[in-house]
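See structure below.
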Amino acid sequence: MGVVLMAKIDTNEESQLIFRCKNKDREAFDQLIEKYRDRAYAMAYSIVHNNEDAVDVLQEAFIKVFENIGSFKGDSRFYTWLYRILFNLAVDCARRKKNTNVSLDDEDALPSEQTLDIAAHGTPTPSDELDRRELGELLNQCLSRIPLAQRTAVLLCDVEGLSYAEIAEVMQIAEGTVMSRLHYGRQRLAAMLEPYLQEGKISQVENESNGQTE
Amino acid sequence: MSCEDNKIKITALIDGELDAGEQNRLRRHLEKCPACAAEKLAQSRLRKIVRKNFIPPEPPPDKWNGFNQAILNRVAPTPLARVSQLRVRWATPLALAASLAIVFGVLYFALFRVEPQIPVDGNQSLAVVSTEQASQLPVKVAVSTPHPSVSRFCEVLSTNYLKPGYETRDFPTENGKMVIIMNKAEEKKNLENKN
């Protein structure tokens, strides 16, 4: 699925759709929604952790996009702009619902016993070998337990493939802050996955990976 | 730069976000610092794990049913609704524009349209005067009108369009009636001059 999320959008086609949307072409906007709703849903869900809220936030985001698309100058990629709108709405929604892990503060770490108590929540223990699905579920659980600001930075960078500049635009923070949030977010993830890494249960997956920068 | 600072920079290094100078400096440090080298390895490994294994949450299968349409209904009403909105939105301006057009049309014909004299048949209520004729009369503007009732026309003109100090007066001519708009002060002055 990561590959699907990273799929490139044809920029020419996208530019045409955006141009038509600026002229209030509903058919073009329909196509634009179709193109981005899956990716955008995943982003919204990662913040609000609730299907209904994610869909509501997504709808509001697309409506805002349509209403304000005249102000989109194309200085950034369209989905960066979309994500910025979506991010703000999702954070607002999560705050309204008093989600326990909504703070954008970098230091709002959860209690260590909670972050490390993955097995107690129905996740496979390190003694079992993890298949792809189990590892994915484990990863999602770990991600849901790190602070929102760090989680969002990690997802935008590692899953969506956004640059630091783009993440900074979406989250409205400095690029240096993006770097530190990624660092501490990955550090927390690593701490939670450490038992599985030590047991060598993730090593095979690791060796299969490709496309890394460094 | 401390190792803690370098560890944060390692994040940018593995993401390809460091410039060449910073990369070289950090690589030199990594060659000498096992702790930072281990950190780089751990971060790289974790980055790969996330990239490869993250499973994006998927909405329930029927979640997209009607999703786009619900948005489209909110951002752009249906054609019927649009016509209705258009009617409401433009009703007042259109009525205003139409009223203004009528007013200016009447004013134009009433105040400014001075045409050369032409034969007038018996059905016309008013005569048409030439600019030359108008200038010889103690009037501001002479007008012609197809209005069936000269007195009613003069009344409407006086009530609605004339500035204070002006009045209408109609005269019989050989071709019918002529309405003139008179400036009372000028008329008085002209009469005094004549006397």
Condition broken by residue B:41, with the remaining ones in (1) in contact with a Lys or Arg (Cβ under 8 Å, 6 or more places away or on another chain); (2) at pLDDT 85 or above; (3) under 30 Å from residue A:163 (Cβ atoms) satisfied = (1)
Candidate set: the range B:1-12, residues that are touching a residue at least 12 places away in the same chain (Cβ under 8 Å) and within 54 Å of the chain's Cα centre (by Cα); chosen: the one farthest from the other protein chains (Cβ to nearest Cβ) = B:9
Considering only the range A:195-214, state which residues are modelled with pLDDT of 65 or more, surrounded by fewer than 21 Cβ atoms within 10 Å (Cβ to Cβ) and within 9 Å of another protein chain (Cβ to nearest Cβ).
-> A:197
Condition check for residue B:70: at pLDDT 85 or above, farther than 30 Å from residue A:165 by Cα and within 14 Å of chain A (Cβ to nearest Cβ) | yes
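Does residue A:134 qualify as being at the interface with chain B (Cβ under 10 Å from one of its Cβ atoms) and either at negative phi or modelled with pLDDT under 80 (or both)?
Values: at the interface with chain B (Cβ under 10 Å from one of its Cβ atoms): yes; either at negative phi or modelled with pLDDT under 80 (or both): yes.
It is true that residue A:134 is at the interface with chain B (Cβ under 10 Å from one of its Cβ atoms) and either at negative phi or modelled with pLDDT under 80 (or both).
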Filter the range A:6-37 for residues that are within 11 Å of another protein chain (Cβ to nearest Cβ) and modelled with pLDDT under 85; which is farthest from residue A:156 (Cα to Cα)?
-> A:24
What number of residues in the range A:62-84 are within 11 Å of chain B (Cβ to nearest Cβ) and under 19 Å from residue A:160 (Cα atoms)?
-> 1
In the range A:38-61, residue surrounded by the fewest Cβ atoms within 10 Å (Cβ to Cβ) [restricted to those that are at the interface with chain B (Cβ under 9 Å from one of its Cβ atoms), without any contact (Cβ under 8 Å) to a residue 24 or more places away in the chain and within 15 Å of residue B:65 (Cα to Cα)] = A:51
Being surrounded by fewer than 19 Cβ atoms within 10 Å (Cβ to Cβ), part of a helix (DSSP H, G or I) and facing chain A (nearest Cβ under 7 Å) is the filter here, so list the residues in the range B:13-43 that pass it.
-> B:42
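Which residue out of B:61, B:93, B:57, B:77 is farther than 27 Å from residue A:151 by Cβ, modelled with pLDDT under 85 and either within 11 Å of chain A (Cβ to nearest Cβ) or outside any helix (DSSP H, G or I) (or both)? Don't jump to the end; show me each part of the working.
Working: B:61 fails: farther than 27 Å from residue A:151 by Cβ; B:93 fails: either within 11 Å of chain A (Cβ to nearest Cβ) or outside any helix (DSSP H, G or I) (or both); B:57 fails: farther than 27 Å from residue A:151 by Cβ.
From the options B:61, B:93, B:57, B:77, the qualifying one is B:77.
The values are calculated or read from the model by the stated rules, or taken from the named source; none is laboratory data. In this text the structure is predicted, and so the values were computed from the model without any measurement. Glycine gets a Cβ as well: all are built from the backbone with ideal geometry, and neighbour counts include every protein chain shown.
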